[in-house]
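Read-outs: derived from the displayed coordinates by stated rules, not from any lab. All values reported here derive from a predicted model rather than from experimental measurement. When we count neighbours, we look across all protein chains shown, and the Cβ atoms used for this are built from the backbone with ideal geometry, even at glycine.
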Amino acid sequence: MQTLSVVIPVYNEEENIHELYRRLKKVLTEDFSSFNYQILFVDDGSSDRTFQFISELRKNDQNIKIVQFSRNFGHHLAITAGLDHAEGDLIVTMDGDLQDQPEEMIKLYEKLQQDCDVVYGERQNKKFPFFKRACSKLFLTIIKLLVGEDIVINSHIFRIMTRQVVDQVKLCRETNRYVVGLIGWVGFKHDSIPVEHGRRFKGETKYSFSKLVRLALDAIFTFSDYPLKLIIRMGFFLVLFSFFCGSYFIFDYMFFGIKVPGWGSLIVSVLFMGGMQVFMIGLMGEYMGRMYMEVKKRPLYIVRRIVSK
């Protein structure tokens, strides 16, 4: 009998754990009754009673496995740990706030049977505020423009994968991680299916605007060197632009006696060029800083304890 692992990263989700487990257990015992199952909670350094509540649930369900971090390492590293410790032939990843509804898992599985290796849910009727929906759409548009490789890039954590896909993703150990991008990078056959987006059951989102920006930067700098190529093109454009401007001023002075404007144009030019240089140096520094973090070879996360069979 095959095993289905459900990987759920959680961080300060004490208000949602019991409802999540109730609904998930119902789906696993009814819709996936032909499978053995494993529910793998990754506690990303919660400071509330999340770990306590999961431990209490495990007393009555030995199919629950808990990986507890020593501190908060971040959402995508928690997913990474879940994939590292998942034992199933098929693996589902989902968030623990019930925006990914357990009842929709069967749709992912049925689609996977149509000769797919990865199926992710395309959220319908999103419950996010307009600003967050707009930022998400803008982010996906930018990353798809910048990534030079033909890979599937999206922002949907809710998905089902075969063991073969997960084993290949586990080989990718870069520090700055965008897990769904890595899943796209390893290849295999991807597809999507519409799923109903649930409203957060209780509590507040853990993704602040700054964390969303950081995630976007991780995706861009991890999967694209286009910004570096853009520097070369901008430099060439500025040289060409300055050549034409100089030619224009000389032409005006020689044939019309118009004197070149003085301090105003000079200050604007200096500030513009200075700003561009700082921007370019900062961009290259971002890549170098990430290389510095990679060569340290630190572990991606530290596990405080694992509670399993």
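The packing ranking of peptides 2-10, 82-90, 111-119, 280-288, highest mean first, is 2-10, 82-90, 111-119, 280-288, where packing means the average number of other beta carbon atoms within 10 angstrom of each residue.
Counted residue by residue at 0.36 nm each, then reduced by the alpha carbon distance between them, the extension gain from S70 to I302 reaches 82.9 nm. Just list whichever of K25/K297; K65/K297; K170/K296 have alpha carbons separated by over 29 Å in the model shown. Going by Cα-Cα distance, K25/K297 fall outside the 29 Å limit.
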